[in-house]
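Here's the structure, in structure tokens; my notes come after.
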Amino acid sequence: MGDLPPGIRLIEEEVASHLGVSRGPVREALGILRDEGLVTIAARRGAVVVGLTPADIDDLYDLRIVLECHAIRRATANVCDADIEYLRGLDAGMVALAPTETVASPDVAFHRHLMLLARQERLRSAWERIAGIIGGLLSVTDGQRPDLVLHSHLIDALVSGDGDTAAAILHVHIRNAHRIMREVLSSRTGLETR
């Protein structure tokens, strides 16, 4: 994340050639990036990288708290043994990978499963619109994630059926990730977020 600075023009043919794919998948990917607010697409100009400002990143973490804390409260009523086993497997995988490899993908899968457990399609759909950005942000902070231990506490709260405790733990977890992101941004750019 952050490899292409804002203002860079993305030309479908060039991107497709670079990636060794046809233009169709590139066009689809650019549409997703447009929906996520990461590029703008204008007639005759093509796609232009917008990027994320520190304020955008703050907003994304705030949105995660609203969506995910609501979801986990609902999830406690729907969780079954297979869900707990799946989440524990993701958690164990993240802990094993964390010192040396990226954990963004299993981390997003963990949070996606919490969203699915809420059994509210519109809520899940709203979260999915930012899932790619979340994954990108998480990959930036890989290797600096002492908050991974909170996943096991989230699972324990789900098992107990205590939605309020689960939401409180998740709130702390997301705020910790946000703080780490601010520190990374500050160290890379010298910019402070709010």
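Got at least one residue in the range 167-182 being in a helix (DSSP H, G or I), of a type in the set (S, T, N, Q) and either within 18 Å of ALA118 (Cα to Cα) or modelled with pLDDT of 95 or more (or both)? Scanning the range 167-182, I find no residue that is in a helix (DSSP H, G or I), of a type in the set (S, T, N, Q) and either within 18 Å of ALA118 (Cα to Cα) or modelled with pLDDT of 95 or more (or both), so the answer is no. For the range 86-108, the count of residues that are closer than 22 Å to ALA167 by Cβ and either among the basic types (Lys, Arg) or without any contact (Cβ under 8 Å) to a residue 12 or more places away in the chain (or both) is nonzero. When the residues of the range 38-74 are narrowed to those that are among the small types (Gly, Ala, Ser) and in contact (Cβ under 8 Å) with a residue 24 or more places away in the chain, which ends up farthest from ILE155 (Cα to Cα)? So, considering only residues that are among the small types (Gly, Ala, Ser) and in contact (Cβ under 8 Å) with a residue 24 or more places away in the chain, the one farthest from ILE155 (Cα to Cα) is GLY46. Scanning the range 90-129 for residues that are more than 17 Å from the chain's Cα centre (by Cα), at pLDDT below 95 and either assigned to a helix (DSSP H, G or I) or not assigned by TED's automatic domain parsing to the domain that holds VAL140 (or both) gives ALA92, GLY93, VAL95, ALA96, LEU97.
If you filter the range 32-47 down to residues that are β-branched (Val, Ile, Thr) and loosely packed, with under 15 Cβ neighbours inside 10 Å, you find that the one that is farthest from the chain's Cα centre (by Cα) is ILE41. For ASP35, state whether it is closer than 30 Å to HIS153 by Cα and either in contact with a strand residue (DSSP E or B) (Cβ under 9 Å, 6 or more places away or on another chain) or of a type outside the set (Ser, Thr, Tyr) (or both). No; evaluated as a whole, the condition is false for this residue.
Answer yes or no as to whether SER139 is of a type in the set (S, T, N, Q), within 12 Å of the chain's Cα centre (by Cα) and in the same structural domain as LEU185 (by TED's automatic domain parsing).
Details: of a type in the set (S, T, N, Q): yes; within 12 Å of the chain's Cα centre (by Cα): yes; in the same structural domain as LEU185 (by TED's automatic domain parsing): yes.
Taking the combined requirement at face value, the residue satisfies it.
Summed over the range 53-79, residues that are touching a Gly at 6+ places or on another chain (Cβ under 8 Å) and over 30 Å from GLY161 (Cα atoms) total 1.
For the range 125-144, does any single residue satisfy the condition of being within 25 Å of GLY161 (Cβ to Cβ), touching a helix residue (DSSP H, G or I) at 6+ places or on another chain (Cβ under 7 Å) and charged (D, E, K, R)? Among the residues of the range 125-144, not one is within 25 Å of GLY161 (Cβ to Cβ), touching a helix residue (DSSP H, G or I) at 6+ places or on another chain (Cβ under 7 Å) and charged (D, E, K, R), which makes the answer no.
The values are calculated or read from the model by the stated rules, or taken from the named source; none is laboratory data. These numbers were taken from a predicted model, which means no experiment stands behind them. Counting neighbours? That spans all protein chains shown, and the Cβs are built from the backbone with ideal geometry, glycine included.
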